[in-house]
Structures are given as structure tokens and as C-alpha cells.
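*Asks:* Handing you a structure now.
Here, each number is a calculation from the coordinates, and none is a lab measurement. Just so it is clear, the structure is predicted and the values come from calculations on it, not from any experiment. All Cβ positions, even for glycine, are placed from backbone atoms using ideal geometry, and neighbour counts span all protein chains on display.
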Amino acid sequence: MEGKMMLAIFLASVELYAVVRSSCPACTNIDNFSDLVIHNTAMDSTFKILKDFGLLRCVQQCLFRTRCNSINFDISRSICELNQATNNSPSFRNGSLFSEMTNWPKRLAGICENRSCPTNKTCVIEKQGSQKFTDCITDDRSPLDKGYTKAPAFPFFYKTYTVNKNYADASQTCHDEGARLMEPDTEEKNTFIRGIIDEQNTNHVFFGLTDFQDIGDYRWVSNNATLTFNDWQRKEPQLGRGEFCAAFYKGLAWQWVNIYCYRELQFMCEITVA
Ligand SMILES: [Ca+2]
């Protein structure tokens, strides 16, 4: 009962805190939740992204994992990022929230409070009838451990490859890591990716867009969706030449071109939130 009451107070306090922080000084002092840093996010140490998790469940998911030490929480999109760093100083990001584990009531973890699982595992609470018990289950291998980097303002991890491969082999390389070829499907993401590949010593970088089905009908590979945004160069895509794959081209500020799939180019993989 006390626990439920505490959770209710916590949730209420978070809402109040986010909305009327300045006019609600008492809200900042309930049960050690005084350190929710609104409009901030920590970079570089996110090892897991969870979608459609409320703030409380995000905090719990962090408490369940030995390697987790802080969270970023995207308030409007309910995206929860678990960070492993202990003392990363958060930087400004509108609509985000940062909080460190050291300031949370540990009993939010329920019966997982005193269960410490190995670093690659997470504690889960299971039920059998009215009995609850804990278990340590293997966590998905973190993209961070596979050499991926978390995009600071986006819910995905990315990795650049400086080896040249044809489209099929590039795609397979991403797939083998539980990833896919990068899909720059919004203007914001496209701009971010162009910034990343501009550091690469190359002229072309494949990404996950093809018109294998119908010439000129370009589709994102992951979900077969048509384009709602594009960044084709002025004379691209050129049709009827068998150029079924897409790549960024340095020649014109990394705008898009279609290109032969057998060309061996650099590429970029991404791992998004499931
Ligand atoms: Ca072309």
C-alpha cells in the first residue's frame, strides 16, 4: 500500500514538476526525485533504447540492470534511454529529461531491489499465482558493445563502415549485426547523417533505398514504404539504366543519387528502437 501511494505521489510529482516546476517548489522535494533535470540529455553512453515506456517504467528498467546508471527520457515521445555512464554531465535538449540512479528510491525496483544480475542480464519480476519471484534474463547485446554510436538527438544507433562493399554484401553486413542499412527518411535525420559521412574519406555511401520492384518507385528497404521525404540531386534518380540502389554522393554536398548495386561503396548501418 505504501508502495502504491509512493508511486502515485511520484507520478503526480513528475507531471507537476514538468509542467509547473517553478511554481511548485514542494514538488521538487518528494522522495529524492529532486534531480529530474528537465530539458537535458546525456550523450555517448546510452546502451539501450526502449519505446513506449513511461518515466516510471524507464526508471525501473534502469534499476533492473547493473550497468545502468542514468536515464534520458523523451517526454513527448515516451522514449527511454538507459545510460551506463556514472558522471556524464547532461547537455541541453528541449523536451528531454535526465536523471541519475543515485537519486532514486531503490524500492521502485520492487523485489528486484536486492537482486544484482550480471552486466549482460536484466532482472525481471515473474508471477506464479500470487507468488512473485525474480530472475536474471539475458539482455539483447547492446549496440554500444557492437561498436555502434547513439545518435544524440535521435532514437537510433549508427555505425560507419570504411570498407567498400556492393549493396547486397553491405546490407548483409548490417543484417549480421541485427542492424540494417541507414535510412535517412526525414530531413532532420538526413541532415544528421550527412554530417557524419562528411567525416569519411569517400565519395559515395550506400543507404537502404531501392527500386527493385518498379523502376522509379523507390522504397525504404526496412518497411517497403514510399518516400515522404527525399534529397535527390537535381538530375537524379536516372531511370532505365539499371541503377536500382541509392547512395549519398559527395560531389553535391551528399545529396542522393541512384547507382549500380554492384558498385563497391562505403555504407552505414543503423539499429533503431524495436
Ligand atoms: Ca544515377
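*Asks:* Relative to the compact-globule scaling 2.2 N^0.38 Å, provide the ratio for the alpha-carbon radius of gyration of region 173-212. Intermediate results must be reported in sequence, preceding the final value.
*Replies:* Numbers: Rg = 11.3 Å, N = 40, 2.2 N^0.38 = 8.9 Å.
Normalised Rg, Cα atoms only: 1.26.
*Asks:* So which residue, out of 234, 263, 141, gets the largest mean-square fluctuation from a GNM of the chain using Cα contacts under 10 Å as springs?
*Replies:* 234
*Asks:* Using DSSP to define loop residues, name the trypsin sites (Lys or Arg not before Pro) in region 43-81 whose beta-carbon has at most 16 other beta-carbon atoms within 10 Å.
*Replies:* On the way: sites: 48, 51, 57, 65, 67, 77; in loops: 65, 67, 77.
When the trypsin sites (Lys or Arg not before Pro) of region 43-81 are filtered for loop state and at most 16 Cβ neighbours within 10 Å, 77 remain.
*Asks:* Something else about it: Using 0.36 nm times the number of residues separating residue 202 and residue 168, minus their current alpha carbon distance, what extension gain do you get?
*Replies:* So the chain would gain 10.3 nm between residue 202 and residue 168.
*Asks:* So for the pair residue 262, residue 222, with labels modelled 7 Å out along Cα→Cβ, what separation do we get in nm?
*Replies:* Between residue 262 and residue 222, the simple spin-label model gives 3.0 nm.
*Asks:* Too long at a 31 Å Cα-Cα cut-off: which of 106/159; 51/235; 189/235; 121/165; 51/127; 51/146?
*Replies:* On the way: 106/159 35 Å; 51/235 39 Å; 189/235 23 Å; 121/165 34 Å; 51/127 24 Å; 51/146 21 Å.
Distance filter (> 31 Å) returns 106/159; 51/235; 121/165.
*Asks:* Could you let me know the centre-to-centre spacing of region 98-133 and region 199-274, using Cα atoms, in angstrom?
*Replies:* The two parts, judged by their Cα centres, are 44 Å apart.
*Asks:* Can you pull the Kirkwood radius for region 58-113, inverse mean 1/r over Cα pairs, to one decimal in Å? Walk me through the numbers before you get to the answer.
*Replies:* Working: mean 1/r = 0.0861 Å⁻¹.
Evaluated on region 58-113, it is 11.6 Å.
*Asks:* Here's another thing I want to ask about it. Could you give P(r) for region 143-272, binned at 5 Å from zero, as whole percent values over all Cα-Cα pairs?
*Replies:* Cα pair-distance distribution for region 143-272, in percent: 2, 11, 23, 26, 23, 11, 3, 1, 0.
*Asks:* Separate question: Which chymotrypsin sites (Phe, Trp or Tyr not before Pro) from region 211-274 combine a DSSP loop assignment with at most 15 other Cβ atoms within 10 Å?
*Replies:* Numbers: sites: 212, 218, 220, 229, 232, 244, 248, 249, 254, 256, 260, 262, 267; in loops: 212, 218, 229, 244, 254, 260, 262.
In loop regions of region 211-274 (DSSP not H, G, I, E or B), the sparsely surrounded chymotrypsin sites (Phe, Trp or Tyr not before Pro) are 212, 229, 260, 262.
*Asks:* Oh, and also: So what is log10(I(q)/I(0)) for region 212-252 at q = 0.18, 0.24 1/Å, when the Debye sum runs over its Cα atoms only?
*Replies:* Calculated log10 I(q)/I(0) at the listed q: -0.55, -0.97.
*Asks:* Now for a separate question. For the chain, evaluate the Debye formula with one uniform point scatterer on each Cα (no solvent term) and list log10 I(q)/I(0) at q = 0.07, 0.14, 0.16 Å⁻¹, rounded to two decimals.
*Replies:* The calculated log intensity ratios at q = 0.07, 0.14, 0.16 Å⁻¹ are -0.33, -0.98, -1.14.
*Asks:* Give the calculated FRET efficiency between residue 140 and residue 56 to the nearest 0.05, with a Förster radius of 25 Å applied to their Cβ-Cβ distance.
*Replies:* For R0 = 25 Å, the calculated efficiency reads 0.70.
*Asks:* To the nearest 0.05, how large is the calculated FRET efficiency for residue 188 and residue 114 if R₀ is 41 Å and r is the Cβ-Cβ distance?
*Replies:* Details: r = 43 Å, r/R0 = 1.05.
Taking R0 as 41 Å, the efficiency between residue 188 and residue 114 is 0.45.
*Asks:* Would you mind computing, in nm to one decimal, how far apart the modelled labels at residue 76 and residue 38 are, each placed 7 Å from Cα along Cα→Cβ?
*Replies:* 1.5 nm
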